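Notes to accompany the following structure.
The values are calculated or read from the model by the stated rules, or taken from the named source; none is laboratory data. This one's a predicted model, so the numbers in the text were calculated from it and none came from an experiment. Ideal geometry is used to build each Cβ from the backbone, glycine not excepted, and the neighbour counts take in all protein chains shown.
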Amino acid sequence: MSSTVITNIATLVTNDPSLGDGSPLGLIQDAALVVDGDRIAWTGESSKAPATDNRVDAGGRAVLPGFVDSHSHLVFAGDRTQEFNARMSGRSYSAGGIRTTVAATRAASDEELEANLTRYLAEALRQGTTTFETKSGYGLTTEDESRALRIAAAHTDEVTYLGAHIVSPDYADDPAGYVALVTGEMLDACAPYARWIDVFCEKGAFDGDQARAILSAGKARGLHPRIHANQLSYGPGVQLAVELDAASADHCTHLTDADVDALAGSATVATLLPGAEFSTRAEWPDARRLLDAGATVALSTDCNPGSSFTSSVPFCIALAVRDMGMTPDEAVWAATAGGARALRRDDVGRLSPGARADLITLDAPSHVHLAYRPGVPLVTGVWRRGVREV
Ligand code: NIG
Ligand code: FE
């Protein structure tokens, strides 16, 4: 296996506090790192870099772990431009729009769905995402949910069963029957493709009792829970996430003090999705309040055609810094190490020995520029498992 040293790194974000400046980002200035096969073998000051087979000059750029986007909905067809336009003219977001995408997704062929997924993944990769989670949730029949998961599983290990996105229109008069389907035959068909189970716990989707039943059924089948919680209103989602030891409670826009305390005292990550508040003109989640309480925060895109049609983690970092009270350091940590925590992974989201060699270079001397230069395509290089892909 050949090894490569990357030298002349102005700022290296390791996310290992035992390295560099001792901050959570473990920053090393004037740094180098060694990639051996698909792993990081060494990180440190440039002057101490060991000899290797190959050498790459980073040109005084910043190097970071690739982004870990722990929340997206990428198996879908069609778009919702009209709904977005209506919102920007004053209409408010409701979960009902999901039905439009369900109809388009059911009508699409496997090939169309896969082509869409591949296109959005390529878009995300160019913007620095090297690990991503994605969900079903736009099929809502046993056949359509399981094919979405089968298509997703060909592209990532982080696949989430979201049969409980909304009550299927086919069960409009029988929500209990739909919960029985999601926890029965549909779960049986979907579990082989998924690592996670999710539910949209919200008025107009599933209430706390339904959500508990759905996540518990998934747990009994060996799936790990994560939840769409407290997005559009206050509700039981966050407390349920903590009760069930969900890896993540996602959105967290409307939180009581008890919700914040519960997250802070748990291993459940609060995953914030500012693309959704941007695209629905909703109030921002209060990242500062969560961080000050001691909760672990992740930042992800929520990329989907309804509430957040962005695949750009850098855009989410900029929003989180501008509007959610995060410092640039906190936002970069949340989009890398935070995403890894939300997926209960320790092999990604950091650049220290033993980690997967998933890294990005920025056309900037430091990670701070991701927020300081919003909207600028700063990602110039992307390595995944030690191989340069961008
Ligand atoms: O995370 N909140 C539920 N699901 C998505 C939106 C899906 C849609 O509008 O199509 C979300 O925002
Ligand atoms: Fe979502």
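When restricted to residues that are within 16 Å of ligand 1 (Cβ to nearest atom) and either among the small types (Gly, Ala, Ser) or buried (at least 24 other Cβ atoms within 10 Å of the Cβ) (or both), segment 260-277 contains 8.
Do the conditions hold for Gln239, that is, is it in the same structural domain as Cys316 (by TED's automatic domain parsing), among the polar types (S, T, N, Q), over 27 Å from Arg322 (Cβ atoms) and buried (at least 17 other Cβ atoms within 10 Å of the Cβ)? Answer is yes for this residue.
Return a yes/no flag: does segment 150-158 have any residue that is modelled with pLDDT of 95 or more, within 12 Å of ligand 1 (Cβ to nearest atom) and closer than 17 Å to His73 by Cα. No: zero hits. Just one residue in the set Thr142, Thr134 is hydroxyl-bearing (Ser, Thr, Tyr), surrounded by fewer than 22 Cβ atoms within 10 Å (Cβ to Cβ), out of contact with any Pro (no Cβ under 9 Å at 6 or more places or on another chain) and modelled with pLDDT of 95 or more; that residue is Thr142. The set of residues in segment 29-66 being among the small types (Gly, Ala, Ser), modelled with pLDDT of 95 or more and in a loop (DSSP other than H, G, I, E, B) consists of Gly37, Ala49, Gly66. Under the condition of being more than 18 Å from Arg344 (Cα to Cα) and not aliphatic (A, V, I, L, M), which residue from segment 225-246 is nearest to ligand 1 (Cβ to nearest atom)? Once the filter is applied, the top-ranked residue is Gln231. When you scan segment 356-364, do you find a residue that is of a type outside the set (Asp, Glu), surrounded by 24 or more Cβ atoms within 10 Å (Cβ to Cβ), free of Cβ contacts under 8 Å to residues at least 60 places away in the same chain and assigned to a loop (DSSP other than H, G, I, E, B), even just one? Within segment 356-364, none of the residues are of a type outside the set (Asp, Glu), surrounded by 24 or more Cβ atoms within 10 Å (Cβ to Cβ), free of Cβ contacts under 8 Å to residues at least 60 places away in the same chain and assigned to a loop (DSSP other than H, G, I, E, B). Restricting attention to segment 38-59, report how many residues are closer than 25 Å to Leu125 by Cβ and surrounded by 13 or more Cβ atoms within 10 Å (Cβ to Cβ). Of the residues in segment 38-59, 9 are closer than 25 Å to Leu125 by Cβ and surrounded by 13 or more Cβ atoms within 10 Å (Cβ to Cβ).
Every residue in segment 21-59 that is closer than 10 Å to Asn8 by Cα and of a type in the set (Val, Ile, Thr), please. Passing the criteria: only Val56.
Return yes when Glu123 is part of a helix (DSSP H, G or I) and away from ligand 2 (no atom under 16 Å from the Cβ) and no when it is not. Yes; evaluated as a whole, the condition is true for this residue.
Going through (1) in a helix (DSSP H, G or I); (2) of a type in the set (D, E, K, R); (3) out of contact with any Lys or Arg (no Cβ under 9 Å at 6 or more places or on another chain) one by one, Glu83 falls short only on (3).
The residues on offer are Ser233, Ser248, Ser308, and the sole one that is farther than 20 Å from Ala334 by Cα, within 16 Å of ligand 2 (Cβ to nearest atom), at pLDDT 95 or above and of a type in the set (S, T, N, Q) is Ser233. Residues that are in contact with a helix residue (DSSP H, G or I) (Cβ under 8 Å, 6 or more places away or on another chain) and part of a loop (DSSP other than H, G, I, E, B) were ranked within segment 92-107; the one that is farthest from ligand 1 (Cβ to nearest atom) is Ser92.
Within segment 332-353, the presence of at least one residue that is more than 16 Å from ligand 1 (Cβ to nearest atom), assigned to a helix (DSSP H, G or I) and farther than 20 Å from Trp196 by Cβ is confirmed. If the condition is being without any contact (Cβ under 8 Å) to a residue 60 or more places away in the chain and under 17 Å from the mean Cα position of the chain (by Cα), then segment 122-148 contributes only Ala122. Apart from one condition, Met326 fits all of (1) touching a Lys or Arg at 6+ places or on another chain (Cβ under 9 Å); (2) surrounded by fewer than 24 Cβ atoms within 10 Å (Cβ to Cβ); the exception is (2).
State the number of residues belonging to segment 281-319 that are without any contact (Cβ under 8 Å) to a residue 60 or more places away in the chain and within 16 Å of ligand 1 (Cβ to nearest atom). Number satisfying all stated conditions: 8. Please determine, by comparing only the residues of segment 22-33 that are over 21 Å from Arg341 (Cβ atoms) and within 27 Å of the chain's Cα centre (by Cα), which one is surrounded by the fewest Cβ atoms within 10 Å (Cβ to Cβ). Within segment 22-33, the match that is surrounded by the fewest Cβ atoms within 10 Å (Cβ to Cβ) is Ile28.
Considering every residue within segment 78-91, establish whether at least one is touching a residue at least 24 places away in the same chain (Cβ under 8 Å) and farther than 30 Å from His251 by Cβ. No, segment 78-91 has no match at all. Remark: Gly96 matches the filter, which requires a residue to be within 16 Å of ligand 2 (Cβ to nearest atom), of a type outside the set (Lys, Arg), in the same structural domain as Asp207 (by TED's automatic domain parsing) and surrounded by fewer than 15 Cβ atoms within 10 Å (Cβ to Cβ).
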